[in-house]
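Engineer: Sharing a structure with you now.
The values are calculated or read from the model by the stated rules, or taken from the named source; none is laboratory data. All values derive from a computational prediction rather than experimental measurement. For neighbour counting, all protein chains shown are included, and Cβ atoms are generated from backbone atoms with ideal geometry for every residue, glycine included. What goes into the accessible areas is simple: the full protein's heavy atoms, side chains included, and nothing from ligands, DNA or RNA. Shrake-Rupley method; radii C 1.70, N 1.55, O 1.52, S 1.80 Å.
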Amino acid sequence: MVDVPLGPAGAVAPADVEDVELYHPHSWVTKYVFSQDAKVIAIQYSFVALSVGLIALVLSWLMRLQLGFPGVFAFIDANAYYQFITMHGMMMVVYVLTALFLGGFGNYLIPLMVGARDMVFPYVNMLSFWVYLLAVLVLVASFFAPGGPTGAGWTLYPPQAILSGTPGGQEWGIILMLASLMIFIIGFTMGGLNYVVTVLQARARGMTLMRMPLTVWGIFTASFMALLAFPALFVGAVMMLFDRVFGTSFFMPAIVEMGQPLDRNGGSPLLFQHLFWFFGHPEVYIVALPAFGIVSDLISTHARRNIFGYRMMVWALLAIGALSFVVWAHHMYVSGMNPYFGFFFATTTLIIAVPTAIKVYNWILTLWRGNIHLTVPMLFALAFIVTFVNGGLTGLFLGNVVVDVPLSDTMFVVAHFHMVMGVAPILVIFGAIYHWYPKVTGRMLDDTLGKIHFWVTFLGAYLIFFPMHYLGLMGIPRRYHDLADMALVTPSVHTLNAFITIVALIVGATQLVFVFNLFWSLRHGRPSGGNPWRATTLEWQTPETPPPHGNWGKELPVVYRWAYDYSVPGADQDFLPQNQPGLTRAAPGSSHG
Amino acid sequence: MAVALILVLVAVGSVVFHLVSPWWWTPIASNWRYIDSTLIITFWITGAVFVAVVLFMAYCVYRFRHQPDRRAHYEPENKKLEWWLTIITGVGVAAMLTPGLFVWRQFITVPEDATDIEIFGQQWQWSFRLPGADGQLATTGAHLISPDNPLGLNKDDPKSRDDVVIEGGELRLPIGKPVKALLRSADVLHNFYVPEFRAKMDLVPGQVSYIWFTPTRTGTFDILCAELCGVGHPQMRGKVIVQEESEYQAWLQDQIARNFARLAPAAN
Amino acid sequence: MGSILLFLSILAVIAAWWLSRQGLASKPWLEQGTTGTLPEANTTPSSKVGLGVFLAVAGSLFALFISAYAMRMQLPDWRTLPVPGILWLNTAMLLLSSLALHGARNAARRGEMPALRIGLLAAGISALAFLSGQLLAWRQLTGEGYLLASNPANAFFYVLTGVHGLHLLGGLVALGRTIAKTWRETATEPLRLSVELCATYWHFLFLVWLVFLSVLTGWAGEFIDICRQVLT
């Protein structure tokens, strides 16, 4: 049997990157609405994700108003409160953070950073955004459905999630939530295939894996994890939907509902928890790993120093990605599962702290003997390190099984996951937007507004969540909309809650400064040129800014060096672009080793 | 300069907050003070790491801030340093994990002399069941739950005759005696949590979970539900009253008498 | 969760093997100029790599359903379902479908257009026969009283066969488009990639079906018990 070589659109030999035939849109609709250009899709994802984030932010204000000033706002009753916390949580984790890091940053940065013209499956990529938008619309529809959205907590534990004691349980709320999640997962799979395969297939000539910037490594690893972890949520959602709609007993044991026995038998609520957290734990790393990658690039660019220990950084990303699949039951230490599992999961959970710590050391060692420019992106990167270390360390309390026992389901957990997943990655998102806005728009964001945004957000968020840990230490449970009649709640607790609420409102309001900056700078921002930060990575070396359809003009770039040649001895500048052959800016074509 | 100072302020401020915070754990009322000890070890190690990292960052931000003639040092990696840091981290992690696992083993190993009691949760109240004179709890079934059998006791089981049922959330325990609390739910997930006892565990419908503890001081403590169980979750409260042995026995006899009266109303 | 962990371990081994050939231990700051030794991008067509990744995702989904099945079946209310006889006929249909696609792939490679067309059509028809047979199995079971909600074993049967069938249906859409292209083209060369992708997907779904069958008939459980006895 003779192997007939495949045509040009299919195969690319390593030393001879064939240019890909791109889809060229001609109408306004195909250019800006149903666009197959990853950059447009990225902006679409980002716009929708940030809008969902604003909704979720408002929901958090409503929750904090009730906690800080209980009973003052009569419309925030128990029903409403539980609906708010559920929607806030699910929106932020899945529809904002995951979509923004992977759909937003992934779509924009991956092709540019690896030297490709676009993603490898542009049509599917376009579909992925519209499916994501559909998922968002289905989720938001639950606000308008009879009974309102589900109030089961973002963890959606059965049996209560589908019973009448929980808002939306015996109505449309939970159905719309589960349907929305299933649609999101299908849409994400379409996008994730693109992110992963583009990194594997479409790298420019000379771009080996170890020359890729850590941003790409972070998003790539996270995308792969997400592709494998989201099916667990899908399975759980299908089975819960069946329990709710068809009366099956996947998760529903023999129980009574408000005193009336249900026609169910034998199902296991723990089965749902295993499935949910098998997704849920990798999910938090799916949010964290892109942040890790981006922060590495922000620090090295703005400190004019190569990221310290690049190899260990790559290995640590891969190790964290792999290990994240075997720690899930640390969310279930007090779930009533087999107690012996506690030994195993506590061990794996504390082991995962080691590669994570290595990354922290390497970030701060990149600052050491650097040339630190305290630009707005650098400020956000520094704040990330502070808040991530804080949040990550409190994770060690919770990961150590017996220490988790008094702390689980208290405000300590709420403080921990907000600090490590809510504050730290969001700071990276802001830093990344200040950093890459010039590439996307050709203009700089206003520096003064940026610094105001930074200081209020960083210090405010720290003031919100650091003291909250101590409420949890006292024993104050989470998911309580009312702390009345609790002996351990002293007046100072109410004072602290009120303080946290006020700071939260201030921090929330300050985000308007950022939104204003985004739109104002489109017209009035200082023109940035192609590489205002003097960075080495490929996306800054495009012939035009903003990059046009096809990114690179006539010729694809060729890569001669790794992504971190900052302050190289003997070079004429303190950075060497990845597509520059020699130490000096010689004419293209002259070779140098 | 300002940035470095603020970073130092964050680190120092956090430590000061920790030291002066009026918000600290409730004084322990059970034998699980080893949990508290492990918590303290963890605070020391993580606190030291946090302060060290942030102060180091502050130093770098100050010392290596951009100046016109500054050039960053070019050093792609330092294998020795990275290995040392990895090893030290591993040691720190082991230092927290090891005591933790030892205490966990204690936590799941119920002592021989522990008395069984049952803690029954439903939306949204706590009930309790004591084994009575035979020291054994009767079997139960969710399908048996009815208005006059709220805990679903199996009336055909001979052990059920002396079980003492306490509805409405006030459990009493004698001081100094280990107790194995069997946790059972009628409907959804709940969690039995008394902050002073430190121990807690979910109540899972369809199975029986457990915790064990020994009350070590008298007093009245709140029972808080610690697993979201619907809109009444924050109102699902109870009380545990730890008493001296003599007072406890007096209460117990009273409960037994009441139960007898309820089980055989016709006999009155 | 054994099934999904086993599946992920296999993927991890493949990933580790592939990564090890990408120079993960190299020092990129020492390598300047275009590297000749290491591959930049893969020579395999992107759609094949994409299908491979998709199979990992779908495999993860199926493995998770099996893990859920394994956990749920241990609870006392489980009543094993008698496997309807028609499933064996359906299995034969699916095997036929895979074989037809295998033949079609060979025909595409050899440039034999008539054989290619027949192979694709046969694959499509037998796959449709498989799906109809599955629906018949459902009707048979519900007719005999094995309703969806009456027992978790029933529920799992419908869910497992349903999710597999939906994936096959998706594949039929792709196959249909390939068949349409076959009628438009005269040479087999431009069709080779599509046919190869369909064939790979079909073999994967057949393998998944065999695994599901062994789980539903209880053979998988017995096999695991035997292994456990042998090892302990």
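Engineer: Where in chain C are the DSSP H helices whose C-alpha atoms run 20 Å or more along the long axis and whose mean Kyte hydropathy is at least 1.6?
Structural biologist: Working: long enough: C:2-20 (26 Å, 2.12); C:46-72 (39 Å, 1.39); C:86-110 (36 Å, 0.59); C:113-143 (45 Å, 1.05); C:152-184 (48 Å, 0.67); C:192-216 (36 Å, 1.58).
In chain C, the long hydrophobic H runs are C:2-20.
Engineer: Which parts of region A:378-404, residue by residue, lose 30 Å² or more of accessible area when the rest of the protein chains are there, as against the chain isolated (1.4 Å probe)?
Structural biologist: The answer is A:382, A:386, A:389, A:393, A:396, A:397, A:400, A:401, A:402, A:403 - residues whose exposure falls by at least 30 Å² when every protein chain is included.
Engineer: Could you let me know the centre-to-centre spacing of region B:60-124 and region A:240-276, using Cα atoms, in angstrom?
Structural biologist: Answer, in whole Å: 37.
Engineer: Could you work out, for chain A, what percent of all Cα-Cα pairs fall into each 10 Å distance bin, beginning at 0 Å and stopping at the bin that holds the largest distance?
Structural biologist: 3, 16, 27, 27, 16, 8, 2, 0, 0
Engineer: Write down the accessible area per residue of region A:480-528 in Å², having rolled a 1.4 Å probe over the full set of protein chains.
Structural biologist: 52 Å²
Engineer: Leaving out ligands and nucleic acids, and using a 1.4 Å probe, what accessible area per residue does region B:64-197 come to in Å²?
Structural biologist: Dividing the accessible area of region B:64-197 by its residue count gives 45 Å².
Engineer: What is the percent of Cα-Cα separations in region A:273-370 that go past 17 Å?
Structural biologist: Pairs farther apart than 17 Å: 55 percent.
Engineer: With N set to the number of residues, divide the alpha-carbon radius of gyration of the protein assembly as shown by 2.2 N^0.38 Å and report two decimals. Working shown, then result.
Structural biologist: On the way: Rg = 30.7 Å, N = 1093, 2.2 N^0.38 = 31.4 Å.
Taking the Cα Rg and dividing by 2.2 N^0.38 Å, one obtains 0.98.
Engineer: Roughly how far apart, in whole Å, are the Cα centres of region A:90-112 and region C:122-166?
Structural biologist: 38 Å
Engineer: Tell me the mean residue ellipticity at 222 nm calculated for chain B from its helices only (DSSP H runs of n ≥ 4, each -39500 (n - 2.57), averaged over every residue, nearest 500). Mind showing how you got there, number by number?
Structural biologist: Numbers: 4 runs with 99 residues, N = 268.
The per-residue figure over chain B is -13000 deg cm²/dmol.
Engineer: Same structure, new question: Please say if region C:97-232 is rounded, prolate or oblate, where rounded means a/c under 1.5 for a ≥ b ≥ c the square roots of the C-alpha gyration tensor eigenvalues, and otherwise the choice is prolate for a/b larger than b/c and oblate otherwise?
Structural biologist: Here region C:97-232 falls in the oblate category.
Engineer: Can you give me the % of accessible surface on region A:196-343 that is carbon or sulfur? Probe 1.4 Å, all protein chains present, nothing else counted.
Structural biologist: Accessible surface attributable to carbon and sulfur in region A:196-343 totals 64 percent.
Engineer: May I pose another question? Hey, got a sec? Which GluC sites (Glu not before Pro) in region C:121-221 land in a DSSP loop and have at most 11 other Cβ atoms within 10 Å?
Structural biologist: Those that pass, being in a loop and sparsely packed, are C:144.
Engineer: How large is the charge dipole for the protein assembly as shown, taken about the Cα centre, if only the Cβ atoms of Lys, Arg (+1) and Asp, Glu (-1) carry charge, to the nearest 20 debye?
Structural biologist: With only Lys, Arg, Asp and Glu charged at Cβ, the dipole is about 2520 debye.
Engineer: Carbon and sulfur together cover what percent of the accessible area of region A:363-521 at a 1.4 Å probe radius?
Structural biologist: Roughly 74 percent, rounded to a whole number.
Engineer: Tell me: how much accessible area in total is hidden between A and B, 1.4 Å probe, Å², nearest 100?
Structural biologist: Using a 1.4 Å probe on protein heavy atoms, the buried area is about 8900 Å².
Engineer: While we're here: Percent relative contact order of chain A, based on C-alpha pairs within less than 8 angstrom and at least six residues apart?
Structural biologist: The normalised contact order for chain A reaches 14 percent.
Engineer: Membrane-span-like helices in chain B: DSSP H runs reaching 27 Å or more (Cα, own axis), mean Kyte hydropathy at least -1.0?
Structural biologist: Counting only whole DSSP H runs, the qualifying helices are B:33-63, B:79-108.
Engineer: Of the beta bridges DSSP finds with both residues in the protein assembly as shown, what % are antiparallel, to the nearest 5?
Structural biologist: 70 percent
Engineer: For A:304, C:184, give me the order by solvent-accessible area with a 1.4 Å probe, most accessible first, ignoring ligands, DNA and RNA.
Structural biologist: If we order A:304, C:184 from most to least accessible, we get C:184, A:304.
Engineer: Then there's this: Tell me the Rg and the Dmax, in Å, that the Cα atoms of region A:462-593 produce.
Structural biologist: For region A:462-593, the Cα radius of gyration and maximum Cα-Cα distance read 26.3, 79 Å.
Engineer: Find how many whole Å separate the alpha carbon centroid of region C:71-93 from the alpha carbon centroid of region A:420-471.
Structural biologist: Centre-to-centre distance over Cα atoms comes out at 54 Å.
Engineer: Do you know the relative contact order of region A:474-593, to the nearest whole percent, from alpha carbon pairs under 8 angstrom that are 6+ apart? The partial results should precede the final answer.
Structural biologist: Details: 89 pairs, mean separation 18.2, N = 120.
Computed over region A:474-593, the figure is 15 percent.
Engineer: I'd like to check one number: the per residue accessible area of region A:94-158, probe 1.4 Å, reported in Å² as a whole number.
Structural biologist: Result: 22 Å² per residue.
Engineer: Using Cα-Cα distances under 8 Å and only pairs 6 or more residues apart, what relative contact order does chain B have, in percent? Don't skip to the answer; put the middle values down first.
Structural biologist: Numbers: 414 pairs, mean separation 50.2, N = 268.
It rounds to 19 percent for chain B.
Engineer: On to the next question. When the accessible area of each residue in region B:96-118 is compared between its chain alone and the complete protein assembly (1.4 Å probe; ligands, DNA and RNA ignored), which residues differ by at least 30 Å², being lower in the assembly?
Structural biologist: B:96, B:97, B:101, B:104, B:108
Engineer: Pairing the Cα long axis of helix A:269-302 with the longest principal axis of chain A, what angle in degrees results, from 0 to 90 and rounded to the nearest 10?
Structural biologist: Rounded to the nearest ten degrees, it is 40.
Engineer: Rounded to the nearest 100 Å², what's the accessible area chains A and C bury against each other, both chains counted, probe 1.4 Å?
Structural biologist: On the way: alone 24550 and 13640 Å², together 32930 Å².
For A against C, buried area totals roughly 5300 Å².
Engineer: In µm²/s, what is D for region A:214-360 at 10 °C and 1.306 mPa s, where D = kT/(6 pi eta Rh) by Stokes-Einstein and Rh is the Kirkwood radius from Cα pairs? Numbers along the way, then the final one.
Structural biologist: On the way: Rh = 17.3 Å.
In µm²/s, the coefficient is 92.
Engineer: With axes computed from alpha carbons, what is the tilt in degrees of helix A:310-323 against the longest principal axis of chain A, rounded to the nearest 10 within 0 to 90?
Structural biologist: Tilt of helix A:310-323: around 30 degrees.
Engineer: Which of the residues in region B:160-188 lose at least 10 Å² of accessible area when you go from the chain alone to all protein chains together (probe 1.4 Å)?
Structural biologist: Buried on complex formation: B:186, B:187, B:188.
Engineer: Over region C:57-124, what percent of the accessible surface lies on carbon and sulfur atoms, probe 1.4 Å?
Structural biologist: Working: 1890 of 2720 Å².
About 69 percent, which is the carbon plus sulfur part of the accessible surface.
Engineer: Treat region A:160-260 as a sphere of radius equal to its Kirkwood radius over Cα pairs and apply Stokes-Einstein at 25 °C in a medium of 0.890 mPa s; give the translational diffusion coefficient in µm²/s, rounded to a whole number. It would help to have the intermediate numbers written out before the result.
Structural biologist: Details: Rh = 16.3 Å.
Calculated translational D: 150 µm²/s.
Engineer: If you take the square roots of the eigenvalues of the alpha-carbon gyration tensor of region C:40-161 and sort them as a ≥ b ≥ c, do you get rounded (a/c under 1.5), prolate (a/b over b/c) or oblate?
Structural biologist: Oblate shape, in that a/c is at least 1.5 and b/c is the bigger or equal ratio.
Engineer: Which values, in whole Å and largest first, are the semi-axes of the equivalent ellipsoid of chain C obtained as the square root of 5 times each eigenvalue of the Cα gyration tensor?
Structural biologist: On the way: eigenvalues 261, 169, 34 Å².
Values for chain C, descending: 36, 29, 13 Å.
Engineer: If you don't mind, another one. Where does helix A:214-245 land angle-wise versus the long Cα axis of chain A, in degrees 0 to 90, nearest 10?
Structural biologist: Once rounded, the angle reads 30 degrees.
Engineer: A further question follows. For region B:92-242, list log₁₀ I(q)/I(0) at each q in 0.18 Å⁻¹, using the Debye formula over Cα point scatterers of equal strength and ignoring solvent, two decimals each.
Structural biologist: -1.10
Engineer: While we're here: In what order, largest first, do B:190, C:203 sit by accessible area if the probe radius is 1.4 Å? Intermediate values should be presented prior to the final figure.
Structural biologist: Numbers: B:190 0, C:203 60 Å².
If we order B:190, C:203 from most to least accessible, we get C:203, B:190.
Engineer: Any chance you could get the radius of gyration and Dmax over the Cα atoms of region B:75-169, in Å?
Structural biologist: 25.1, 79
Engineer: Mind running the shape call on region A:307-446? Use the C-alpha gyration tensor, a ≥ b ≥ c as the square roots of the eigenvalues: rounded below 1.5 for a/c, prolate if a/b tops b/c, oblate otherwise. Don't jump to the answer; show the numbers that get you there.
Structural biologist: On the way: a/c = 2.60, a/b = 1.91, b/c = 1.36.
Here region A:307-446 falls in the prolate category.
Engineer: Determine, from the Cβ-Cβ distance of residue C:115 and residue A:584 and an R0 of 45 Å, the FRET efficiency 1/(1 + (r/R0)^6), rounded to the nearest 0.05.
Structural biologist: Taking R0 as 45 Å, the efficiency between residue C:115 and residue A:584 is 0.15.
Engineer: Once Rh for chain B is found with the Kirkwood sum over Cα pairs, what is the Stokes-Einstein diffusion coefficient at 4 °C and 1.567 mPa s, in µm²/s?
Structural biologist: The Stokes-Einstein estimate is 57 µm²/s.
Engineer: Further question on the same structure: Quick one: net charge around residue B:243, please, counting Lys, Arg +1 and Asp, Glu -1 for every other residue with C-beta under 14 Å from its C-beta.
Structural biologist: -1
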